[in-house]
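Enquirer: One structure is given below, represented as structure tokens, and several questions about it will come after.
The values are calculated or read from the model by the stated rules, or taken from the named source; none is laboratory data. The structure presented is a predicted model; accordingly, all values stated were derived computationally and were not measured. Counting neighbours? That spans all protein chains shown, and the Cβs are built from the backbone with ideal geometry, glycine included.
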Amino acid sequence: MKAKTVKPRVMTGNGAAAYAAMLCRPEVVASYPITPQTEVVEQLSAFKADGVLDAEMVEVEGENSAMNIVCAASIAGARVFTATSSYGLVYMYDTLLQTAGFRAPVVMVNVNRETPGIQAVSAGQQDMISTRDSGWIQIIVENDQEIIDQIIMAYRIAEDFNIQLPIMVNYDGYYLSYLAEAVQIPDQTDVDAFLAPLKKQPQRPRLVPGEARGCGTHGMEMGYVEARYKHCMALDRVKNHVDKIDKEFGEYFGRSYGGQIEEYKCADADIVIVASGSAAGTARTVIDSKRAEGLKVGLVKLRLFRPFPEERLAQALKGKKAIGVIDRSVSFGWKTGPMCTEIKSLCSKIGPVPILSYIDGLANLDINIPHIGRVIDEVAVAAKGKPYQEVTWIPMEEER
Amino acid sequence: MVEKATKKKNRVFDYFCTEEKFSGGVAWCAGCPLELTARFIPKVLGDKMVFVGTPSCSAPVLHGQNLGSWHKLPYLACVMTGVGSSATGLTRYYQKAGIDATVVCFNGDGCSSDIGFQVLSGAAERNEKIIYITYDNEGYMNTGNQRSSSTQKGALTTTTPVGKIGKGKPTISKNLTMLMLMHRPRYMATATLSHLEDFAKKLQKAKEMVKEGFVYLHVFSPCPVGWRIDSNLSIEVCRTAVRTNYFPLWEAYDGKPRITVEVAAPKPITDFTKLMRKFSHLKENDIAAFQAEVDRRFALLKTLCDAAKAEEKTTVQS
Ligand SMILES: Cc1ncc(C[n+]2csc(CCOP(=O)(O)OP(=O)(O)O)c2C)c(N)n1
Ligand code: SF4
């Protein structure tokens, strides 16, 4: 570890996000308030007012504009930051696609919340899921410390010359946005040092006055195909890069998170539970108590969702007797949850084992200890070759 | 006599001295004022210009969809909802990084008055250092002549057809220049190709004033194809629009308007409508209503100009 030791401070998830963003020295920030993200905007504005954040802050009139602003600033060469949630994320959908298509390395925090249709001012990952095919990198974190660390790492991922893609750092609204926890805020000099390697890379293409160079132009036929192909190849490179940066971060700051996925007691496990976000913390506790009862169960915490960590997951899940996947969102048109559906696509690599889908934690309902306990028990039964239910909406069953 | 003629020629000629930014063979329709407008703007605004544009009739050329002909401008092609905001992102960064740039938005009336209106309004309210230019062809022309909120009442478009029941567009147009005036931009003006000297001066003022804040220019740009105008008449249509007070030429610093080209004896609106076939179905009473609308709008402008003048006087006196 090279970083200075710092005294822990108590901070909400949103406060932590704003602090981390400030430490990365963004040059242009544009963000529109929405529950449960608002505190991020307010905190950044306060930093600017106090003179500790030297960024152009645009008090923008909507999320669609916020994304256009940071996208264009990024194309001009700026380091940028924005934050949103739910209605805001989908209101910028056209520009999410544009930003990814432009290969603009925008760093965005998305505080996970349910989406329009039902006026749900509550937690859920539906917003992130609804934008999974936008060409962005999507990563999910579990606690306030990981929010800070991942935002810092996000710049090393997005702005890397071999990647040049926007990244969305997701954390659970309510559960983390308002949760005050003790966190270690890295020293500014250490963040600067950690981000310094970016400066040694070749300069990425940018829009310069006086230079005949367009952005978003010439997208016909092969021009389009080539851009798409390169985009997909860059996304593929993200996977190893996330692991590499996580390792480097660990060596520098003494904290690391497993990169694309975190495997918890998976090596000797017969069955594995897959979860993400704040629910992973609860799951770890339940895994420990089930292990104490003699059940060989492990946890995979899914961190990287786009690109999908196919290879790492296959490695972690191969040879397991049954798998349970907890989704905090739904996949319209599929019975199974979105993460479960994608894990099922690994069948040819992990074998035809039972994969049980659980929908839980929608609209602020807790993914609690009894729920996860039940998931583990049912997956253990399925592992013995007994019949099982493919999809379970845990709250609906509890209601009955 | 000779001296006077040379002098006059030189004034306009000056603006044409800088390099031509567009190639020949560009994909605009024959006789479309949009082409001359687009070619003219960089000549005055200069080399540090960055163009921001979006899907519209300007796009086939500006986005470079035709590989055989293009332009040499730094250009950002963004979504229709993102013009004023993308320009904000660019100008903020250029300012922060100390990069000399003139950020210019260039799009149709459909974008400015409809889908991009919120964004235009937002950028104006924040007083972003942007020159925002709307070329007004009074409809969605790139998609084939549909109505926009800038389309005049009675006009024939493919979404306001004339038929047994249909009488063209049923509602009056959105008065976008007035709406922009109420934002009190640092500088704003109307312009059109028939009055090139006036246009050039306004572009020069725009270039100066954008250093202080938001600048809005509204350029009248008839669409020969959609309006059904003979392609040799487009500049004549521009001139007639000014001479009928249909499209008065004016400017405003900080929301104080002033007419730049006074029309001593305005012509009747029929001089304008007879040049195109999009109004040919209008009956006498429709024309009378059209004339009344033109007069009403001009009277409003005049009132505001007079008020601005009066305000100026009192400030000087006090
Ligand atoms: C979000 C979105 N909706 C619709 C379109 C389709 N579209 C392309 S150009 C255009 C009309 C633009 O009209 P205007 O801004 O007046 O420019 P003009 O075509 O008249 O030059 C439309 C509707 C689009 N590109 N993007
Ligand atoms: S459709 Fe009309 S506005 Fe568009 S290029 Fe042709 S003439 Fe010009």
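Enquirer: More than 16 Å from ligand 2 (Cβ to nearest atom) and on the phi > 0 side of the Ramachandran plot - does that describe any residue in region B:95-108?
Expert: yes
Enquirer: Another question about this same structure. Would you point out which residue out of B:Asn245, B:Asn232 is closer than 30 Å to B:Thr160 by Cβ, more than 16 Å from ligand 2 (Cβ to nearest atom) and modelled with pLDDT of 95 or more?
Expert: So the residue among B:Asn245, B:Asn232 that is closer than 30 Å to B:Thr160 by Cβ, more than 16 Å from ligand 2 (Cβ to nearest atom) and modelled with pLDDT of 95 or more is B:Asn245.
Residue-by-condition table, conditions (1) more than 30 Å from B:Ser58 (Cα to Cα); (2) β-branched (Val, Ile, Thr); (3) touching a Gly at 6+ places or on another chain (Cβ under 8 Å); (4) not in a strand (DSSP E or B):
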site	(1), (2), (3), (4)
A:Tyr174	yes, no, no, yes
A:Ala182	yes, no, no, no
A:Ile185	yes, yes, no, yes
A:Ala193	yes, no, no, yes
A:Lys199	yes, no, no, yes
A:Gly210	no, no, no, yes
A:His218	no, no, yes, yes
A:Met222	no, no, no, yes
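Rundown of residues vs (1) surrounded by 13 or more Cβ atoms within 10 Å (Cβ to Cβ); (2) in contact (Cβ under 8 Å) with a residue 60 or more places away in the chain; (3) more than 22 Å from B:Ser150 (Cβ to Cβ), yes/no style:
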residue	(1), (2), (3)
B:Phe214	yes, yes, no
B:Pro224	yes, yes, no
B:Phe247	yes, no, no
B:Glu284	no, no, yes
B:Ala292	no, no, no
B:Leu304	yes, yes, no
B:Ala310	no, no, yes
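Enquirer: Out of everything in region A:81-108 that is at the interface with chain B (Cβ under 8 Å from one of its Cβ atoms) and either crowded, with 23+ Cβ neighbours inside 10 Å or touching a Cys at 6+ places or on another chain (Cβ under 7 Å) (or both), what residue ends up being farthest from A:Tyr174 (Cα to Cα)?
Expert: The selected residue is A:Gln98.
Enquirer: So which strands (runs of 3 or more DSSP E) are wholly in region B:40-133 and hold at least 1 residues that are among the hydrophobic types (A, V, I, L, M, F, W, C), crowded, with 24+ Cβ neighbours inside 10 Å and within 7 Å of chain A (Cβ to nearest Cβ)?
Expert: It comes to B:49-53, B:75-77.
Enquirer: Tell me, which helices (runs of 4 or more DSSP H) wholly within region A:259-360 include 3 or more residues that are β-branched (Val, Ile, Thr)?
Expert: So the answer is A:279-292.
Enquirer: Next question, about the same structure. Does A:Ala78 qualify as being part of a helix (DSSP H, G or I) and in contact with an Asp or Glu (Cβ under 7 Å, 6 or more places away or on another chain)?
Expert: It is false that A:Ala78 is part of a helix (DSSP H, G or I) and in contact with an Asp or Glu (Cβ under 7 Å, 6 or more places away or on another chain).
Enquirer: In region A:237-257, is there at least one residue being under 29 Å from A:Ser348 (Cα atoms), of a type in the set (Phe, Trp, Tyr) and part of a loop (DSSP other than H, G, I, E, B)?
Expert: Within region A:237-257, one or more residues are under 29 Å from A:Ser348 (Cα atoms), of a type in the set (Phe, Trp, Tyr) and part of a loop (DSSP other than H, G, I, E, B).
Enquirer: Same structure, new question: Please find, within region A:222-275, the residue that is surrounded by the most Cβ atoms within 10 Å (Cβ to Cβ) out of those that are over 30 Å from A:Asp360 (Cβ atoms) and acidic (Asp, Glu).
Expert: Selected residue: A:Glu248.
Enquirer: With respect to the numbered conditions (1) within 16 Å of ligand 2 (Cβ to nearest atom); (2) at the interface with chain A (Cβ under 8 Å from one of its Cβ atoms), which one is the sole condition not fulfilled by B:Leu34?
Expert: If we test B:Leu34 against (1) within 16 Å of ligand 2 (Cβ to nearest atom); (2) at the interface with chain A (Cβ under 8 Å from one of its Cβ atoms), just (2) comes out false.
Enquirer: Take region B:137-191 and flag every residue that is within 16 Å of ligand 2 (Cβ to nearest atom) and either outside any loop (DSSP other than H, G, I, E, B) or within 14 Å of chain A (Cβ to nearest Cβ) (or both).
Expert: B:Tyr140, B:Gln146
Enquirer: A follow-up question, please. Identify, from the list B:Leu90, B:Leu76, the residue that is within 16 Å of ligand 1 (Cβ to nearest atom) and within 19 Å of A:Thr99 (Cα to Cα).
Expert: Being within 16 Å of ligand 1 (Cβ to nearest atom) and within 19 Å of A:Thr99 (Cα to Cα) holds for just one of B:Leu90, B:Leu76, which is B:Leu76.
Enquirer: Okay, moving on. Quick one: which residue in A:Thr95, A:Thr82 is within 22 Å of A:Ile157 (Cα to Cα), hydroxyl-bearing (Ser, Thr, Tyr) and within 16 Å of ligand 1 (Cβ to nearest atom)?
Expert: A:Thr95
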